[in-house]
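Notes follow once the structure below has been shown.
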Amino acid sequence: MALATTGSGPRRGAAPRLLAVVAVLLGALFGGAAPAFAHAALTGSDPAQGSVVDHAPEQVSLTFSEGVAMGDDSIRVLDPKGKRVDRGKLRDLCSGGVVKYAAGLPPGLADGTYTVAWQAVSADSHPVSGAFTFSIGAPSKTSAAVPQQEAGGGPVGALYGIARYLAYAGFILLAGGAAFVVACRPAAAGVRSVQRLVVYGWAVLTGSTLAMVLLRGAYTESGKFSDVLDFGLLQQALLTKPGAALVSRLLLLAAAAVFIAVLFGAFARAHEKGDGSAAGENARRRKDLTWGLGGGGVIVAAGLATTWAMAEHASTGLQPAVAMPVDVLHLLAVAAWLGGLAALVVSLYWGPAVERSAVRRFSRIAFGAVLVLVATGIYQSWRQVGSWPALTGTSYGRLLLVKAGLVVVLVGIASVSRRWTARLAEDAPGGAAARAAESVADAEDPVADAGGSVTDAQDSATDADADRDADAETQTETEPADVSRETSDPADDPARAVQLARQQAALRTARTKRIRDADPERCGLRRSVLAEVSVAAVLLAVTTVLTATEPARTEEAVKATEQSAAVGRPQVLTIPFDTGGPHGKGTARIDLDPGRSSGGNALRLRIADPSGRTRDVPEVKVSFTLKDKKLGPLPVVPRHVSKGHWSADGVRLPVPGRWQLTLLVRTSDIDQVTEFRNVKIG
């Protein structure tokens, strides 16, 4: 027994408008978010950030947390005046799982502070960039200013993020809607609302993929709209792994178009009710089409899902050979569940009756999809998070908790829908819902039962006019012209025909709504499924942002590297002084290595005159004070080792913090000065 007879329902534009409004609202919500965060992170460099080296290095090398794509201009080294000094040729030093690239430097670079600016595309398709400085000999007063990197950000990044969301939504509607038709309700192949849902999903996925192809070059390189149509950047972007994935997706969408044509063509005709004269042959045809479309659909859907797996988180990091198939299963399960929900919603709100067997079949498939989601989600969470502290201490972990909460809410609502489905299954033909519908139908205006055509409505109105005119004719035989006008055919009056058509449509809509609302089981199922779809739309937005967020493992690894670097980073101070006497001006350079609180530190002191030549002075003293902890001053008495050089080993600073270094320099018996500087001890 069908759930109810729905009739024509709302006007034809209602479903597209509803889907468009939901997409626009969620697109606006997502568009306001940051388009992407760094996925590959810089974990080390040689020379190290902020370090001072005695001699010019032969190259500058960078080490990353995961695979990146870099070109010859991806690493730029600028001298203190902002002039580029690297050779412009990148060297790939990746080996043994270590991702490392280097840019060669010419010999004889002058002393001063050099700036290293870098830009790359991580293995999961997101652009990353940064800059740091190092010094040769001694830091210079100024260093080159690096313009702010816009790759992955700005309006282009926001549009690219919206396109990513729409691509996910389109895939879910396309794959899930088609699966609902083939596996749950073949009769829906002839339902206009379901056809529109699947076709809109294909169109959204195709349009968003084309937009991502056009935006890809500007997204990864400059972030400027002016570069969107730069065919050189476009060609360069298409040669990368993410670009190849987008092109593969477009090719698979061409195959999906053929699938849709067969699904809503031959498959729909095969499931139309016939006269039964060729029932056996038609049944075989249905079976062949079902198996063919089922197998082909799985292949196309899995191929489309692979285009995400091969270009995002699953393709890099821990266990990619396992993670990519798991990611494909995860996406297919999401599509089967959420896309099927969308198809069920439009079936319940627009179109003919939805068979209870179809609802039960979808309920079983959705339950299996949830089990797959839980299993694959647990693996993905372990792979990307790795530890309990990272679950609450990173952006990725917190977003993952929000996603898990939404899934729990969605499963709770789904359990309510399953209870409504069970009630529908228990209600036998001729039950309360059918009797309520029949009572409502019997109480309707006879005009609504006349058929549904404008001609029938016009005939009823004409008969009523004829009866009224006959009664009037028995009373008087005057005004024959008026009688002729009253009894004329309404079809001759276009305005009246349009008015009657509107009245008939309104009556038909009201009757459909009363019949639909008279079935409490169907009404409850419709509301619970609509709630599921609403939560699923928010869940999809959170998932899209999650895919653009740096994995917790990477973020934790970068934090650990930074903490390690902070703990063991040498501190270099250049302190000019002037004692006020003859030859009282000069510069003191202090190196404290490794600059940490645990263990001892080596202190090296060099005194130079204004021309830079080393010189001796009668006395130098150094001490450290940590005012916050009321520690110090802790004196350090360096020993003179050569002309202009002093050193002290085993300098112990008991706790980390910002210590104040006090330097006393005496250049004669009466000329001396004390200078103060802050130094950070890890």
> Considering the stretch 369-398 alone, what residues qualify as being surrounded by fewer than 17 Cβ atoms within 10 Å (Cβ to Cβ), among the hydrophobic types (A, V, I, L, M, F, W, C) and farther than 29 Å from Cys523 by Cα?
Replying inline: Val374, Ala375, Ile378, Trp382, Trp388
> Quick one: is Thr574 at pLDDT below 90 and in a strand (DSSP E or B)?
Replying inline: yes
> For the stretch 127-155, what are the residues that are modelled with pLDDT of 70 or more and assigned to a loop (DSSP other than H, G, I, E, B)?
Replying inline: Gly137, Ala138, Pro139, Ser140
>> Checking Arg606 against (1) at pLDDT below 85; (2) open to solvent by 50 Å² or more (accessible area, probe 1.4 Å): exactly one of these is not met. Which one?
In response: (1)
>> Quick check on the stretch 670-678. Is at least one of its residues free of Cβ contacts under 8 Å to residues at least 24 places away in the same chain, within 17 Å of Leu603 (Cα to Cα), open to solvent by 40 Å² or more (accessible area, probe 1.4 Å) and not basic (Lys, Arg)?
In response: yes
>> For the stretch 584-603, give me each residue that is at pLDDT 85 or above and not in a strand (DSSP E or B).
In response: Gly584
> Does Gly644 meet the test of being touching a helix residue (DSSP H, G or I) at 6+ places or on another chain (Cβ under 9 Å), under 27 Å from Ile136 (Cα atoms) and buried (at least 16 other Cβ atoms within 10 Å of the Cβ)?
Replying inline: no
>> Can you tell me which of (1) under 23 Å from Glu272 (Cβ atoms); (2) in contact with a Pro (Cβ under 9 Å, 6 or more places away or on another chain); (3) open to solvent by 20 Å² or more (accessible area, probe 1.4 Å) is the one Gln195 doesn't meet?
In response: (2)
> Would it be correct to say that Thr667 is hydroxyl-bearing (Ser, Thr, Tyr), more than 11 Å from Phe624 (Cβ to Cβ) and surrounded by 17 or more Cβ atoms within 10 Å (Cβ to Cβ)?
Replying inline: yes
> Out of the stretch 41-58, which residues are open to solvent by 20 Å² or more (accessible area, probe 1.4 Å) and under 16 Å from Val99 (Cα atoms)?
Replying inline: Leu42, Thr43, Gly44, Ser45, Asp46
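The values are calculated or read from the model by the stated rules, or taken from the named source; none is laboratory data. The shown structure was predicted, so the numbers you read here are calculated from the model rather than taken from an experiment. Backbone-built Cβ (ideal geometry, glycine too); neighbour counts: all protein chains shown. Note: areas computed on protein heavy atoms with side chains; ligands, DNA, RNA excluded. Shrake-Rupley method; radii C 1.70, N 1.55, O 1.52, S 1.80 Å.
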